[in-house]
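The values are calculated or read from the model by the stated rules, or taken from the named source; none is laboratory data. The structure presented is a predicted model; accordingly, all values stated were derived computationally and were not measured. Methodologically, a virtual Cβ is constructed for each residue, glycine included, from the backbone with ideal geometry; neighbour enumeration extends over all protein chains shown. These area figures cover heavy atoms from the full protein model, side chains too; ligands, DNA and RNA do not enter into them. Shrake-Rupley method; radii C 1.70, N 1.55, O 1.52, S 1.80 Å.
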Amino acid sequence: MITLSDIYVQYGNRILLDRVTLVIGDKDKIGLVGRNGAGKSTLLKIIAGYQRSDEGTLSIPSDRTIGFLHQEMNIPQGKSVMEETLSAFAEVRKIEARLAEINKEMAVRTDYETDSYLKMLEDFSTLNDRFLFLGGDRMQAQAEMVLKGLGFAQGDFIRLTDEFSGGWKMRIELAKMLLAQPDYLLLDEPTNHLDIESIIWLEDFLQTYPGSVVVISHDKQFLDNVTKRTVEVELGKLYDYKAHYSKYIELREERREKLGSAYANQQKVIAQREKTINRFMAKATKTKLAQSMQKQLDKMERVEIDEADTKAMVLRFPPAPRSGTVVVDGKGISKKYGKLKVLDNISLKLDRGDRVAFVGQNGQGKTTLAKILIDEIPATGGDIKLGHNVSIGYYAQNQSEALKGDLTLLETLENSSPPEMRTKLRSVLGAFLFSGEDVDKKVSVLSGGERARLALAALLLRPFNLLVLDEPTNHLDIISKDVLKQALIEYDGTLIVVSHDREFLADLTDRTIEFRDHHLHNHLGDINFFLEKRQMANMREVELSKSNNTGLAEEATASGQPKVELSYEERKKLTRALSNAEKKVERLENDIEKLETLMSDPDFYSQSDAQDKIALHQKKKDELTVAMEEWEEAQMNMDEAEN
């Protein structure tokens, strides 16, 4: 087992880890949780030997191995994906080379009865057993299995690692670690660059992993499925719970409630005893008794409560300048990378105020279309027009990674700031939890979550009316996710969000666009409404579903004929008709209720306009009958469209 004792880490005036102790068993599955910057990554680095603590000891058995996947991986260039992945089998490759040498020697030697020949046979047998034990006879097949599980296609195996983005290089490094099977596997946010299929595959792999796993993640479902123990890092302390994440949330609240009650009760006892001591000290005959009571009070073990770290960034998007009615009008858009087709003759129209979620499997073109819309990459074919006075704010998947490490936080914002915002940059950083001397830190020392907050801060320096966010929750802790979501709900411009996070997308958008088979499939409503219509329990099922024969666009009806999905405009028209009919019925019912209230007054019939109101009442009832028929027809049309 790994033992950390009295680990102390301090940066400047800030105590990051305050003499904490942790024991990691040989088969533990631990989720390491806490706020961004709380010290989770630092703790992993200390365990992995990448960083030393200021004080304390780390004990690791000498015969145990550690694999550490962190957020700044450097993959060697010039090798193919498969070559680099197979480097995980370093010991196996050495044994394989030695076995080949012995085979050559055996082919030429004839001194079969000498001691040296017998020793050679013994070495061959021992090495061959070790080779088979380490999986040498199936390492190629294992490598292919793991690479495919992490999202690589067969054709990717021969491509150079140089051709891949940082996220895909991280997958290569993860594949190497999984194949090497270290005794202790330390994973710092492994799901950030994985699509849903790969996350599910990794969950299954880690559930049966023979060694110990310690993982930092903000994906609650991933933690629930992989871990059985949760260690919280908060305000320099560690709190250890023998439970997965969801249960840990319950246990944490119970602990805090019990601790709060114990603290309050103890404070009452202390106050009462201090009152008695003060009263006895005033009497000469009881001074000795008071002194004895004071000694007992001083020896009392005090219940201490650490104030929970509930600080959150303050995020408000600037008011959106008014744009034209049509914000984006794209027709016949196609995108190819060589022979690889990503988007095929798709169309997209966004009106002012539209709020849209892009969902679907990785590689289906969500990020590609987002980059085409902001003019970062050209389309292969088709035409895109931005509306009058459209200004774009864009947050890329790797926005935080693109920040320059050698700049300070303040310099980073200065490079993105218009002149009129220069005097407000320290206040902006303060709103994102960077205060005092933090503004002079180098970006290179920030955690992934802190970089994400800084990138969001830079985004707010200019007003825009079309906001495009590509996986904005990567690296953000749960509290920061909630703050970002609330700010987006209040944002008054046009919004596009690319995300796999169902919890984040819920109630955030009013239209969901599914990317499937190089085409777009429009659905009115937010992600929950979309999932309801797909009759799927969660976002993972959407990502995993195979759309060749079961997609909404060509779903088989009872007669065996394909059912064509309504266009966005057709469905919008039906929804508007149903909504108008419902509002009309509601308005007429309210009018009739008001008239009937007046008519129930005994003095009503003596009023001069009584007959007019009676006639109006009858007219409203007749109109309600017609309105109910219109509502029923609209509801029937909607039901037919949906079924």
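When each of LEU456, LEU460 is tested for being modelled with pLDDT of 80 or more, within 20 Å of ILE392 (Cβ to Cβ), of a type in the set (A, V, I, L, M, F, W, C) and open to solvent by 10 Å² or more (accessible area, probe 1.4 Å), the lone residue that passes is LEU460. Checking each residue in the range 1-15 for being within 28 Å of the chain's Cα centre (by Cα) and at pLDDT below 90 picks out TYR11, ARG14, ILE15.
Residues considered: GLY12, GLY31, GLY67. Of these, the only one that is small (Gly, Ala, Ser), in contact with a helix residue (DSSP H, G or I) (Cβ under 7 Å, 6 or more places away or on another chain) and over 25 Å from ARG229 (Cα atoms) is GLY12. Return the only residue of LEU86, LEU44, LEU69 being in contact with a His (Cβ under 9 Å, 6 or more places away or on another chain), open to solvent by less than 20 Å² (accessible area, probe 1.4 Å) and closer than 30 Å to GLU163 by Cβ. Going through LEU86, LEU44, LEU69 in turn, the sole match is LEU44. Scanning the range 258-282 for residues that are open to solvent by 70 Å² or more (accessible area, probe 1.4 Å) and either assigned to a loop (DSSP other than H, G, I, E, B) or within 30 Å of SER41 (Cβ to Cβ) (or both) turns up just one, ALA282. Quick one: count up the residues across the range 425-451 that are in a helix (DSSP H, G or I), in contact with a helix residue (DSSP H, G or I) (Cβ under 8 Å, 6 or more places away or on another chain) and in contact (Cβ under 8 Å) with a residue 40 or more places away in the chain. Number satisfying all stated conditions: 5. Taking the range 560-584 as the region of interest, how many residues are open to solvent by less than 90 Å² (accessible area, probe 1.4 Å) and modelled with pLDDT under 80? Within the range 560-584, residues that are open to solvent by less than 90 Å² (accessible area, probe 1.4 Å) and modelled with pLDDT under 80 number 17. Exactly one residue out of LEU289, LEU297 is over 30 Å from SER480 (Cβ atoms), of a type in the set (A, V, I, L, M), open to solvent by 50 Å² or more (accessible area, probe 1.4 Å) and touching a helix residue (DSSP H, G or I) at 6+ places or on another chain (Cβ under 7 Å), and it is LEU289. One residue alone among SER80, SER116, SER62, SER53 is closer than 30 Å to ASN36 by Cβ and of a type outside the set (A, V, I, L, M), and that residue is SER53.
Quick one: how many residues across the range 507-536 are touching an Asp or Glu at 6+ places or on another chain (Cβ under 6 Å) and open to solvent by less than 30 Å² (accessible area, probe 1.4 Å)? Within the range 507-536, residues that are touching an Asp or Glu at 6+ places or on another chain (Cβ under 6 Å) and open to solvent by less than 30 Å² (accessible area, probe 1.4 Å) number 3. Within the set LEU147, LEU127, the sole residue that is over 28 Å from ILE102 (Cβ atoms) and either part of a helix (DSSP H, G or I) or of a type in the set (Lys, Arg) (or both) turns out to be LEU147.
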